[in-house]
1. Can you find even one residue in the range 364-387 that is of a type in the set (A, V, I, L, M), touching a Leu at 6+ places or on another chain (Cβ under 9 Å) and within 22 Å of residue 433 (Cα to Cα)?
2. Sort out which residues of the range 153-180 are at pLDDT 90 or above and either out of contact with any strand residue (DSSP E or B) (no Cβ under 9 Å at 6 or more places or on another chain) or under 24 Å from residue 245 (Cβ atoms) (or both), and write them in order of number.
3. Please tell me if residue 713 is in a strand (DSSP E or B), crowded, with 19+ Cβ neighbours inside 10 Å and in the same structural domain as residue 631 (by TED's automatic domain parsing).
4. Are any of the residues in the range 288-307 at pLDDT below 85, touching a strand residue (DSSP E or B) at 6+ places or on another chain (Cβ under 6 Å) and either part of a helix (DSSP H, G or I) or closer than 30 Å to residue 359 by Cβ (or both)?
5. Residue pairs, Cβ under 9 Å, 6 or more apart or interchain, first in the range 278-300 and loosely packed, with under 13 Cβ neighbours inside 10 Å, second assigned to a loop (DSSP other than H, G, I, E, B) and not aliphatic (A, V, I, L, M). List them.
6. Regarding residue 158, is this residue out of contact with any helix residue (DSSP H, G or I) (no Cβ under 9 Å at 6 or more places or on another chain) and either within 27 Å of residue 359 (Cβ to Cβ) or surrounded by fewer than 21 Cβ atoms within 10 Å (Cβ to Cβ) (or both)?
7. Taking only the range 717-740 into account, find how many residues are assigned to a loop (DSSP other than H, G, I, E, B), touching an Asp or Glu at 6+ places or on another chain (Cβ under 8 Å) and of a type in the set (A, V, I, L, M).
8. State yes or no: is residue 371 crowded, with 19+ Cβ neighbours inside 10 Å and outside any strand (DSSP E or B)?
Amino acid sequence: MKTYVLILRLTFILCICYTNLFAQNGTLRGIIYDEILEPAMGATIIVEQVDMYAVSDINGLFIIPDIPFGNYKLQVSYIGYGTQFLDVTIKQKNSDLLKVYLQEESTQLQNINLNSEREERKNEVNVSVLKLTSKTIKKLPGIGGEPDVAQFLQVLPGVVFTGDQGGQLYIRGGAPIHNKVLLDGMTIYSPFHSIGFFSVFDTDLIKKVDVYTGGFGAQYGGRISSVMDIQTRDGNKKELSARFSANTFASKLLLEGPVFKSLENGISNSFILSAKTSYLDQTSKSFYSYLSDDGLPYSFSDFYGKLSFFSKSGSKVNVYGFGFNDNVDYVNLTQLGWLTYGFGTNIVLIPSSAKMLVEGKIAYSKYDIFQEDFGAPRNNSIIDGFNLGLDFSYFISQQHQAKYGIEILGYTTQLNFRNSIGTLIDPKDHSTEFAGYLSYNYKNNRMIIDPSLRIQNYTSLGETSIEPRLGIKYNLNEYFRIKGSFGLFSQNLMSTSSERNVVNLFSGFLSSTTSLPESFQGETIQSALQKAIHYIIGLEYDLNNNIDINLEGYVKDFSQLITENNNQIFEDISEFENEPDYLKKEFIVEKGIASGFDVLIKYLNDRINLWMVYSFGIVEREDEIQIYSPHYDRRHNLNFVFSYLFGKEKNWDLSIRWNYGSGFPFTKTQAYYEELNFTNGSNTDINNLNGDLGIIYSDLNTGRLPDYHRLDFGIKKKSNLNRYGVVEFSLGVTNVYNRSNIFYYDRIDAVRVDQLPIIPSAGLNWIF
């Protein structure tokens, strides 16, 4: 902890020095609100007389430091709202917080795109990050007419999705356990339901989603591949409102509004509640009986609630809680279920007359999952714990910004799991992690440099990981930019899922395992952590006012990975002490490398939203026996997303998504044989003995499945019912031309299992 305290002290001294240096100038601070008094994220604020600007953050807050004293004209623009012009005075003691209330107005999207998104691209590094909002997510054809972040993630550059049923997301070569998912600062251990169409997140709750596919800054830690940071919006502070939706898959209810009227001292408040439940296991028997005689065995329910309190100065406190569950029941085959719940609070403090923003969080969550195969012992995993953090953002000047913070995590993992040879793995571990980070951002007219450092201490392991990271961008001109990033990453958390298996419905968690080999490839294993190094370089080009092109090449060097040992044939006991570790250890060490490039082309105007995404990637793993491709090594992935608003009032919305993916690797079958069990030794009567079916496999994942492609279609019609609100009708078709895409092949029963066929759907969304 001494190291972290020293970092914070040095940063504070630095900030004081800069404060004194620029004391002759003033600071402009303010909050932008929309028509329902929700903080407007992404509004552009320009000080016209000087070359200074800002973009409002998720709290609607903007801070423009180091402005010479005087009178200025302020320009505020935001998508869907009229541009406002304000007169402001910057003086010696400028402690008042400026509040801007936007007026809704039809505005050309491309103009806002130039003023906000492009200004951000020119002035932020933004390497390997996609920033989404609920409006962006709703541009994709929704399953059952209900858009979901899980469906949109599948179209992002570098993301591979392995299947409609129990499918997982693999991001630039990393496994699901290597991806960190945050909801309002809390870690979510199971963000997707077992049927791969839906996440646990209500799209109408989402304020923003930042998806880092690699090279993320020191603010994030504890994962070695990617981060998905989801922030929910506050409730309506102006009036009570509701949203109800129903479709052939699920239904949802959302309520929001003020808890009580705003007080004279400026304190205001709001609440927002969301509940959704599926009934696909029932409706599929009638509407989709062709899928299965027993219907689709999936069901889930999700709940989220938040209270928000706001002060006159713009500071706020959020208190939230959630509960998500999922159930899968294949009769006489397998049953799986999980439940996760949690609660927490986060705060935003805007100190008076300061160039600083303080954010804090504290939360608790628990995740409990089980799986019971027919005739097999029950597997179970529990992880619960807390996380807290404190972040300080200091706006030194227009060119200099600093951010630093601390984070503490404590969690317990309990596992009851039998591996491929029936060995019981039942550890119970307590883990504590302390982290401190410091980042600095410098920018001038052309160059942006963002170095950062994270120090992560894994107390239970007695290890400290020092992780320097760097992001850089250079603006060659107004329209063309080059960028790159580098970083070291580590994590302790492991999964029982083997990435050599096509389907992993059950994924248990453990940490601080001691069942590791003593050496790997002749070298002594010094650490129990998983580690990676990221190298990324990219180009950005604004072709015109409507077309943006982003190209990135990457290498992820997974220098140490820990995974379940599918090659274990002996128990790790003294009887087999002479056997090699890779045949007796419950977990093994691997290394790997992922490399490739991603291309994203976006076209945007006031009616058309078009994304064209192509990803090329190669993923390799290496253990003590072989070099192989994991089952998600898809070399080519192409997505085409198109949405079109039409009609006089733009109340019709047509959306199309087409996806193509080259074939996944698989292990070929060479031959079958009768596997006899000589339980009676030499006295076994083989003439009357029926053996089990044995399989002789080829080398691991040396074959390739057929290519995958699928077309999805959706159309929506929005109607204004005046005092009865707004209603939206939707129709959708998943897998329009009924492509038979293979999921896997059941070798025992000699049955090909395909992913889902054509699925039509209809939905209703009523806002009142």
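1. Applying the first criterion (of a type in the set (A, V, I, L, M)) to the range 364-387 yields 369, 376, 382-383.
Now narrow it down to the ones that are touching a Leu at 6+ places or on another chain (Cβ under 9 Å): 369, 382-383.
Those still in the list that are within 22 Å of residue 433 (Cα to Cα) too: 382-383.
Within the range 364-387 (the criterion being of a type in the set (A, V, I, L, M), touching a Leu at 6+ places or on another chain (Cβ under 9 Å) and within 22 Å of residue 433 (Cα to Cα)), the answer is yes, since at least one residue qualifies.
2. Matches in the range 153-180: 153, 154, 155.
3. Working: in a strand (DSSP E or B): yes; crowded, with 19+ Cβ neighbours inside 10 Å: no; in the same structural domain as residue 631 (by TED's automatic domain parsing): yes.
In short, no.
4. Scanning the range 288-307, I find no residue that is at pLDDT below 85, touching a strand residue (DSSP E or B) at 6+ places or on another chain (Cβ under 6 Å) and either part of a helix (DSSP H, G or I) or closer than 30 Å to residue 359 by Cβ (or both), so the answer is no.
5. 282/295; 286/295; 289/295; 290/757
6. Numbers: out of contact with any helix residue (DSSP H, G or I) (no Cβ under 9 Å at 6 or more places or on another chain): yes; either within 27 Å of residue 359 (Cβ to Cβ) or surrounded by fewer than 21 Cβ atoms within 10 Å (Cβ to Cβ) (or both): no.
Considered against the rule, which asks whether it is out of contact with any helix residue (DSSP H, G or I) (no Cβ under 9 Å at 6 or more places or on another chain) and either within 27 Å of residue 359 (Cβ to Cβ) or surrounded by fewer than 21 Cβ atoms within 10 Å (Cβ to Cβ) (or both), residue 158 comes out as no.
7. Pass one, the range 717-740, residues assigned to a loop (DSSP other than H, G, I, E, B): 721, 725, 735-740.
Now narrow it down to the ones that are touching an Asp or Glu at 6+ places or on another chain (Cβ under 8 Å): 735-736, 740.
Narrowing the set further to residues that are of a type in the set (A, V, I, L, M) leaves 736.
Result for the range 717-740: 1.
8. On the way: crowded, with 19+ Cβ neighbours inside 10 Å: yes; outside any strand (DSSP E or B): no.
Here the answer is no, as residue 371 does not meet what is asked.
The values are calculated or read from the model by the stated rules, or taken from the named source; none is laboratory data. Computed from a prediction, not measured in an experiment: that's the story for all the values here. Methodologically, a virtual Cβ is constructed for each residue, glycine included, from the backbone with ideal geometry; neighbour enumeration extends over all protein chains shown.
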